[in-house]
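See structure below.
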Amino acid sequence: MTNYVRPAQPFGRTVGAEIARQAQQHAHPAVAPRRDEAALATLLRARQRGDAQRQEPWVRRAPEAPPKPPHADVIGQLADRLVPPALWALVEPLIPPAKVRRQGGGRGRVADRAVFTAIVFVLSSGCAWRHLPATFGVTVPTVHRRFQEWTDAGLWPRLRRAALEHPSPESEWLRLVLDAAERRAARAAG
């Protein structure tokens, strides 16, 4: 006498068949539910979650929104205090336009306001460029390079003239930032 061994079925078919059998049993009110029904339901849910998370290479998916940094709300509040909207309205038109890359390509340019806020943080705190917190969302080389570009383009003297022509509650804060910017630029040049 030969014992016949059934070949193993794939996992999904086994669970699906077991759930279908369980559903048929429960369709009849006289049959009591089995104790392992909860375990099978949990197993099926885990399998379905796994299928939903699996990425097929041929399916194009919409990009997910990048996660917010852990201290994004604190940095947002700090940015509003460092560069209030009224100050930004004075600064924005004076920022020189970005140079057009002849060869094209490259990464997108970081927003001027984010870079200006990071520059104001470095200038007002007196810290080194390398100590700029990453939570600002701008890299240190980008901030330093943009500071150099704007210094070479004469942004700081133009901002000083604009602050004198249009006095506002932020003028004193802007004057302190400009003094620090000119000291940094002079130190770098000399």
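Only the coordinates and a few stated rules stand behind these numbers; no lab work does. Computed from a prediction, not measured in an experiment: that's the story for all the values here. Because the Cβ atoms are built from the backbone with ideal geometry, glycine has one as well, and the counts that use them run over all protein chains shown.
Trypsin sites (Lys or Arg not before Pro) within the stretch 107-147: which are DSSP loop residues with at most 12 other Cβ atoms inside 10 Å?
Listed in order of number, the matching sites are Arg107, Arg109.
What number comes out for the charge environment of Pro96, summing +1 per Lys or Arg and -1 per Asp or Glu over other residues with Cβ under 13 Å away?
0
Tell me, Kirkwood radius of the stretch 64-190 from alpha-carbon pair distances, in Å?
15.6
Sticking with the crude label model, points 7 Å out along Cα→Cβ, report the distance from Asp152 to Arg45 in nm, one decimal please.
Between Asp152 and Arg45, the label points sit 6.0 nm apart.
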